[in-house]
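Have a look at the structure below, then the notes.
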Amino acid sequence: MTKRTALRAAIALAAVATLAAPADAHKLAEKGKAVTVAASNLSVTPTRDWNRLSRKVGKHAENWTVDGEQLDEVTFHAAIEPGEPLMRERSKKKEPLPKFRNDMLLAEVPELLERTYRAGKDARDFQLSESAPGKFLGRDGVTFSYQVTDNDGLIRKGEARAAIVDGKLYLVTFDAPRLHYFDLLAEDARALMASATL
Amino acid sequence: MRTLVVGMGLLLASPAAAQQSALLPPYQGAYQPHGVDEIGLWREYDEDERTLGASSLVVRDEPLSTYLRRVLCDTVGEDRCASVRIYIVRAPIFNASMAPNGTMRVFTGLFLRVRNEAELATILAHEFGHFERRHGLDKFRARRSASDAAAWMALLTSLGPTYQTMQSYQNFQLAVYGGLFRYGRDQEREADRLGIAYLNQSHLQPRSASAVWQHVMEEAEASARAKGLKKPNFRTIAFADSHPPDAERAAYLADLAAPDGPDREDGTERYRTALAPFLPQFLDDQIKLNDFGASDYLIQNLATAGWTATLWLKRGDLYRTRGNPRDLSAAADFYASAVKLDPTLAEAHRGLGLALMKTGRPSEAAASLQTYLSLRPDAVDAGMIKMLIPGDTTK
């Protein structure tokens, strides 16, 4: 190898290293400060510090976490219009995700989430543990809890609140492994959901 | 002598034997690994099996496991079957696999794609064929030498990263992995032939092998049609991925079957009885995948031996969740058929109520939802359903 090609290789390596640096870092949602989420008018006031993840999981979706999204994850789905899926689709044509429909009943929202988890996240099992009327965003909504098994066999617990406002779906979920992590942050997640306003 | 037996086995399994029905080579007894490659490979598979044994995705049900083992033993014979451990893995895809150490994985999606014992036996026999011929080891050796070569090529390429060397690296990679792919296919052919030889000496119909493949092709077409795609992608089917083109395989499987095959039984009743307790769960896993065409095809295919309340219920769920106005009235009909066959099926009353509610028939809907709640007062969604019944006093 000549000196020149070695230099060229070094420059190429430096260029690759620069590109690999994080383009946009995650942000912090500070305790007690109201913020709007998921590129919408949905606003929440956290009762503790959360990390707002910069990755985009959908047009109207945003992830928050404390210890990393594998261990605990809050997902805001805000102002989902009829005909829109909850998450970004891997392939609109070949692997479409279920869509929110304008005639969807609140009682059917848990089914929408279940079908999204199975089709979009390859969840192998989804058991609804409870689904009951509950206030969300000051409206009549649904509060439900579930247990979901991943494709690697990890069992997570989840809790969600949803309401349909002006024909648009607002849904917030909290998912964490059943063992230890769910109970660790469930109260903070519930407080976060309860603080949501439009 | 041993060489002669193996030689005969290969001869029987070769395409030249395609004129007469396939026969089975004699079984060589329990096998232990030889050489570093094979011993190392078995150790890895033993480790995998330990992980699998503890997984929450394994369906642990004694009657179903016993039934599956019975079918395998009837097909390949008691001596061969003793070397196998069967694990039923919860995954809504058409697949089954067998590792060289005797771990057989059967995916729950398989149960929806076979309609009788003969078809189930076909798939199990095919996987056992890979095991008996020890294809896993050949595949491992081929993959290892291929990836060694690819790793060297990558290293050489990185020393002078010009556009042209990148191009030739990509071509090289294609050639190596392409070769591996074809190699796999020849093994699939061999496993197919051996599989049908097992079936020929069992009490089940060997012809069913071609029926399974026919249906897999039709399912892929139905799925593509519903998604508005021009042509189906057969590559998306896990089991067909490395397997010979389905049309070719359907033809040679029909050729190799024993002549008295069509007169034998196919075990439809036994299969349906064994599957019945699990059908609602396995169908649920399928219809919630949001693949309308494939799911509807599978339900109708299962119903060729007669509609049951469960099949009507799941078809109703499938149509109701797609949710076009025409789907909702179709769903209401399907739920009504389910209720007619089994008036105590609570979920069918729930589905019927929701479908009627959305097609503008609220009073009929309320009656169905009320029936659901009286059949299942402690339902997890009782609170939400009560909200939909006007004037309900138990709120």
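For the reader, a short list of remarks on this structure follows.
- Residue, nearest to the other protein chains (Cβ to nearest Cβ), within the range A:132-155, restricted to residues that are in contact with an Asp or Glu (Cβ under 6 Å, 6 or more places away or on another chain) and at pLDDT below 95: A:Thr149
- Top-ranked residue in the range B:357-369 [being surrounded by fewer than 17 Cβ atoms within 10 Å (Cβ to Cβ), free of Cβ contacts under 8 Å to residues at least 24 places away in the same chain and not charged (D, E, K, R); ranked as nearest to the other protein chains (Cβ to nearest Cβ)]: B:Gly360
- Matching residues in the range A:140-162 - criterion: being surrounded by fewer than 23 Cβ atoms within 10 Å (Cβ to Cβ) and within 18 Å of A:Asp103 (Cβ to Cβ): A:Asp140, A:Gly141
- Checked against the criteria, B:Thr75 does not count as out of contact with any Pro (no Cβ under 6 Å at 6 or more places or on another chain) and over 26 Å from B:Glu269 (Cβ atoms).
- When residues of the range B:282-319 are limited to those that are of a type in the set (Lys, Arg) and at pLDDT 95 or above, the one surrounded by the fewest Cβ atoms within 10 Å (Cβ to Cβ): B:Arg315
- Selected residue [at pLDDT 80 or above, within 14 Å of chain A (Cβ to nearest Cβ) and in a helix (DSSP H, G or I)] from B:Asp48, B:Asp79, B:Asp74: B:Asp48
- If you go through the range B:370-382 and pick out every residue that is within 13 Å of another protein chain (Cβ to nearest Cβ) and part of a helix (DSSP H, G or I), you end up with 3.
- Taking every residue in the range B:282-302 that is away from every other protein chain (no Cβ under 14 Å) and pairing it with any residue that is not in a helix (DSSP H, G or I), at least 6 positions away or on another chain, the pairs with Cβ-Cβ distances below 7 Å are B:Asn301/B:Arg115; B:Leu302/B:Arg115.
- Count of the range B:166-221 residues, restricted to those that are part of a loop (DSSP other than H, G, I, E, B) and at pLDDT below 75, is 1.
- Given (1) of a type outside the set (Phe, Trp, Tyr); (2) assigned to a strand (DSSP E or B); (3) facing chain B (nearest Cβ under 9 Å), number of the condition A:Arg161 does not satisfy: (3)
- A:Asp122 vs. criteria more than 18 Å from B:Asp381 (Cβ to Cβ), in contact (Cβ under 8 Å) with a residue 40 or more places away in the chain and either within 8 Å of another protein chain (Cβ to nearest Cβ) or assigned to a loop (DSSP other than H, G, I, E, B) (or both): no
- Verdict on B:Gly351 being within 14 Å of chain A (Cβ to nearest Cβ), farther than 22 Å from B:Ser223 by Cβ and modelled with pLDDT of 95 or more: yes
The values are calculated or read from the model by the stated rules, or taken from the named source; none is laboratory data. Being a predicted model, the structure only gives us computed values, none of them experimental. When we count neighbours, we look across all protein chains shown, and the Cβ atoms used for this are built from the backbone with ideal geometry, even at glycine.
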